[in-house]
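The values are calculated or read from the model by the stated rules, or taken from the named source; none is laboratory data. Just so it is clear, the model here is predicted, and its values are computed rather than measured. For neighbour counting, all protein chains shown are included, and Cβ atoms are generated from backbone atoms with ideal geometry for every residue, glycine included. The accessibility values were calculated without ligands, DNA or RNA, using every heavy atom of the protein model including side chains. Shrake-Rupley method; radii C 1.70, N 1.55, O 1.52, S 1.80 Å.
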Amino acid sequence: MTRLRLITTWLLLLIPTLLLGLGALYLLKGEETRLASSAKAAAGDRSTAIAGNIDLAVAEVKDGLLETLRTLPRASLAREADQLEEWKRGNPLVRNVFIWETGHGLRYPDPEMPSSDEEADFIRRYRALFASQTPWQGPPGDSAVNNSPGQASNILLERRELRELAKQAPAMADVSGAPASDAAPAVTNGWRPWFADNSLHLIGWYEWTGRPLRIGVEVEMMALLSRLLGNFPAEPPYTETYALLDGNGAVFHQVGRLEITPSSQPLATAAIAGLPHWRVAVYANSTDGATGGSFLLLGSLLVGIFVVAILFGGSLLLWQAHRNQVDAWQKTSFVSSVSHELKTPLTTIRMYAELLGEKRIEDPDKQRRYLQVIIRESQRLTRLVNNVLDFSRLEQGRRKFTREEVDLAALLHGLLDNQLVRIEEAGMQLARQIEASPAVVESDRDALEQIVLNLIDNAIKYAAAGKLLRVELQPQQGCWLVRISDQGPGIPSAHRQQVFDKFHRVDTSLTARQQGSGLGLSIARQLAEGLGGALVFCPGSNGGACFELTVPMGGEA
Ligand code: ADP
């Protein structure tokens, strides 16, 4: 696979995968927004339902209190004041009572002589109202809201209780006046929300036709509010907190685990008509909203993993395909280069053998030289076949080493003597520095010979121009070190590791001129390592190539 094709294929994998990932993220974002808005809408519904129920309860309290006022027996002013006072004492929802007369102002409690601080405060609080400086009729507000079925029964019970409480009339055993009846219809009645001392108060009144008196009541807000809290769910959903906020935005009551601060943003709020400026608010417990930014985070993480998995898997497949292609190409080129290498010595052998066979050469010197060529070429064939055999055995892990005592010095001398003619024919001089003798190792003789022959072959093939082949043997830290160096062109630094890979050949004009399969060094290194030693490239000081073979003295290191 060419580099361009590889990049194109990878891009074809990368672009759709990224587009897929982006598309998934876009959909996730949309889904998160949709979830957030539906959570908001649901929170809005819940807050409205709670506010509606509270509103209904307040309305029933108001109705109940007015109903009691309506049914109070009418009598003299003092008598009615006594009844109202009695009512106030007996009903926790009643904070103050009053009688007001058109044209006269407040008749009871006596504005000049309040009987308690509470009464004095009451008179002061509603001074403007009692002096008719503000209208008695408050803004309309009651509204009924349906509640969710789960809460309905509880809330209805509490509401009934509240209504009963509001209607709770004073004890009237000694009442002498005639009880009020429907025969005397009211002309006015009403409720007025009143803001004083930074808080909300509720005041209601009743007035009969033809009577200038207004009797009224101020609601005990704390008693009322505390009885409204049952409208909140006892156990709110884990993700939400519900709160009743007063007119100043402060939390009067809350259910849920969120610590509400002035900066907390509610998901939804609903106003309570019966308690002006009071609101029911629903908060998300986590800072990232009711649906959770965690949804998007988790989704993005999954999409990321998915994209990376596709890219990784795809890249792995591409890499594998590339490897397979390279392998296939290497095998084909291996077969063709080995066949080519086999063909040359075979042709030479056949040519010289035919000449000798036809007895056309009579000169004994020539005959001897031709025979030597045949011997050398057949030796070359043997080396080549040995390499191929070693390669396949090493590849399949079948290469066995037969260890015996080998004198490395004698082995090197013997090999070099055999190769001397070839070396000299290539125009090279051989320099031996094999002083230590015997250099005994416990090793495989054939493998050692194969390694050294491959290195000498390479020097003859690629470094003949350097004119010198140096072979040294010396001891080094429990090993014998065989150094084979030349003064040829050397190996470019980028290829110094790769030349030991199978089929790797340096791409130069010199290599192009020489036959080779790129196996010699790979086999030599594998054999050296199999023997417990190593084969490395060391750049020579004169620019040539230098290979160092270490063989452990006592066999495997
Ligand atoms: P082959 O000789 O069959 O190509 P090798 O594995 O023996 O395979 O060598 C790999 C490559 O290393 C050679 O193609 C050559 O380019 C380079 N090489 C090996 N020995 C030498 C040397 N002594 N001088 C220069 N280049 C060398």
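Odds and ends about this structure:
- Under 14 Å, Cβ to Cβ, from V373 - net charge with Lys/Arg +1 and Asp/Glu -1: +3
- Electrostatic bookkeeping for E112 treats Lys and Arg as +1 and Asp and Glu as -1; over the other residues with beta carbon under 14 Å from its beta carbon, the sum is +1.
- Of the residues S286, A459, A528, the one whose Cα sits farthest towards the positive end of the charge dipole of the chain is A459 (charges of +1 on Lys and Arg Cβ, -1 on Asp and Glu Cβ, taken about the Cα centre).
- Summing +1 for each Lys or Arg and -1 for each Asp or Glu among the other residues whose beta-carbon sits under 15 angstrom from that of G540 gives +1.
- The chain: angle of helix 149-167 to the longest principal axis, Cα-based, in degrees nearest 10: 20 degrees
- Heavy-atom accessible surface of region 1-104: percent carbon and sulfur, 1.4 Å: 66 percent
- Taking 7 Å steps out from each Cα toward its Cβ at R432 and R34 produces label points 8.8 nm apart.
- Scanning the chain for GluC sites (Glu not before Pro) lying in DSSP loops with no more than 12 further Cβ atoms inside 10 Å, the longest uninterrupted stretch between such sites is 113-258.
- Helix 364-396 vs. the chain, principal-axis angle (Cα, 0 to 90°, nearest 10): 20 degrees
- Region 233-284, accessible surface, carbon-and-sulfur percent (1.4 angstrom probe): 51 percent
- Under the combined filter of DSSP loop state and at most 13 neighbouring Cβ atoms within 10 Å, region 221-317 retains these trypsin sites (Lys or Arg not before Pro): R257.
- Ligands, DNA and RNA are left out, and with a 1.4 angstrom probe the accessible area of region 400-552 is 44 Å² per residue.
- For region 1-142, the solvent-accessible area works out to 52 Å² per residue, with a probe of 1.4 Å and every protein chain left in place.
- Rounded to the nearest whole angstrom, the semi-axes of the ellipsoid equivalent to the chain, taken from the Cα gyration tensor as √(5λ), stand at 118, 23, 18, largest first.
- Whole-Å distance, taken between Cα centres, linking region 342-360 and region 363-437: 21 Å
- Cα-projected label distance for L356 with E67, points at 7 Å along beta-carbon direction, nm: 13.6 nm
- The helix-only estimate of mean residue ellipticity at 222 nm for the chain, built from DSSP H runs of length n ≥ 4 each weighted as -39500 (n - 2.57), is -17000 deg cm²/dmol after division by the residue total.
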